[in-house]
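In what follows, a single structure is set out as C-alpha cells and then discussed.
The values are calculated or read from the model by the stated rules, or taken from the named source; none is laboratory data. What you are looking at is a predicted structure, and each value in this text was computed from that prediction instead of being measured. Cβ coordinates were reconstructed from backbone atoms using ideal geometry, including for glycine residues, and neighbour counts include every protein chain displayed.
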Amino acid sequence: MSASKRNWIRCLTRRGVADSRGTAAVEFAMLLPIMITLFFGTVETSMALLARADVSLMASTTADLIAQASQVQTADISNAYNAAGTILYPYYDPSQTGSAKPSIRITSVIYDTTTTSLSSGKIAWTCTQTGSGTLSPTTRAVGDTVTFGPPLIPSSQDLMTANGSVLIAEIAYSYASPTGKVITGAMNFTNNFVTKPRRVPQIAAPNGGCP
C-alpha cells in the first residue's frame, strides 16, 4: 500500500474519532438538563415525603403527651408544642429567624349528656398554636359538636364512652422545598390523631389557660 493511501486512511480514521467525540458531546448536552431534573426531583420528593412523615409523627406525639396527664397546665401545652416542633427539624428550626413553625391544635371532646351519642361529642376546651399551616376546620370553639368520621378519621366510629372524652391533635405545616427546582410553591401537610386520656375520663381545661 502506498504512503499516500496510508495517509488517507489515517486521516479518515482521525475524522471518524473526532466525529464520534462530537456526537457524544452533543448527546450529553441534550441529556444533561433531564439528568439534573431527575436528580433534583428525586432529592426534593424524598425530602417532602420525610417532612410528611414527620407531620404524622407530630400528631401522635402531641396527643400522647397530653393524654398521659391528669391535669394540664399552660406550660404543659407549651411543652407539647415545643416537643412536636423538634420532630420537624431541620425543616423547622426555632433557632433560625424566619423558620416557619407548624400549626398545632389540641382539643378535648367530652361526652354530650344531652345527645348521649357515642359517635360525637362537644368541645370542652381547645388550644391552638398558630403557624404556617392551614388547619381544617380553621377554627374550633368550646361547645361545638365534633362527629367522629371523615375528615377527622377515615370512617364513623363510636369512640366516646359515657362521661368520657377523647383528645384530638391536629397538625398543619406549610412545606417548601429548600431548592425549589422541581417542587415549586408550598404544600400544606396535615394530619390528625385521636386518642383517649389514660388516667382520667376527662382532662380539664389547662390551669392558666392556653399559651
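Residue 39 fulfils the conditions (1) buried (at least 17 other Cβ atoms within 10 Å of the Cβ); (2) over 16 Å from the mean Cα position of the chain (by Cα) except for a single criterion, (1). The residue that is farthest from residue 101 (Cα to Cα), counting only those in the range 156-193 that are modelled with pLDDT of 90 or more and among the charged types (D, E, K, R), is 158.
Going by the conditions given, is residue 99 in a loop (DSSP other than H, G, I, E, B), at pLDDT below 95, surrounded by fewer than 17 Cβ atoms within 10 Å (Cβ to Cβ) and over 23 Å from the mean Cα position of the chain (by Cα)? No, not satisfied.
The set of residues from the range 64-90 being outside any loop (DSSP other than H, G, I, E, B), under 16 Å from the mean Cα position of the chain (by Cα) and of a type in the set (A, V, I, L, M, F, W, C) comprises 83, 84, 87. Every condition in (1) among the charged types (D, E, K, R); (2) buried (at least 17 other Cβ atoms within 10 Å of the Cβ); (3) in a loop (DSSP other than H, G, I, E, B) is met by residue 93 except one, and the failing one is (2). Whether a residue is touching a helix residue (DSSP H, G or I) at 6+ places or on another chain (Cβ under 7 Å), over 25 Å from residue 53 (Cα atoms), surrounded by 15 or more Cβ atoms within 10 Å (Cβ to Cβ) and not acidic (Asp, Glu) was assessed, and residue 197 does not pass this test. Residues considered: 194, 182, 166, 200. Of these, the only one that is touching a Lys or Arg at 6+ places or on another chain (Cβ under 7 Å) and either outside any loop (DSSP other than H, G, I, E, B) or at negative phi (or both) is 166.
Screening the range 135-151 for residues that are surrounded by fewer than 17 Cβ atoms within 10 Å (Cβ to Cβ) and either of a type in the set (Lys, Arg) or closer than 16 Å to residue 193 by Cα (or both) and picking the one that is modelled with the lowest pLDDT gives 151.
With respect to residue 66, is the statement that it is surrounded by 15 or more Cβ atoms within 10 Å (Cβ to Cβ), touching a Cys at 6+ places or on another chain (Cβ under 6 Å), farther than 16 Å from residue 161 by Cα and in contact (Cβ under 8 Å) with a residue 12 or more places away in the chain true? Answer is no for this residue. Which count do you get for residues in the range 107-137 that are of a type in the set (A, V, I, L, M), assigned to a loop (DSSP other than H, G, I, E, B), under 16 Å from residue 149 (Cα atoms) and under 27 Å from the mean Cα position of the chain (by Cα)? The total comes to 0.
Quick check, is residue 141 among the hydrophobic types (A, V, I, L, M, F, W, C) and either within 28 Å of residue 47 (Cα to Cα) or in a strand (DSSP E or B) (or both)? So residue 141 fails the test.
Residues in the range 72-111 that are free of Cβ contacts under 8 Å to residues at least 40 places away in the same chain and touching a Leu at 6+ places or on another chain (Cβ under 8 Å): 79, 80, 83, 87.
Scanning the range 112-150 for residues that are touching a residue at least 60 places away in the same chain (Cβ under 8 Å) and more than 17 Å from residue 84 (Cβ to Cβ) gives 124, 125.
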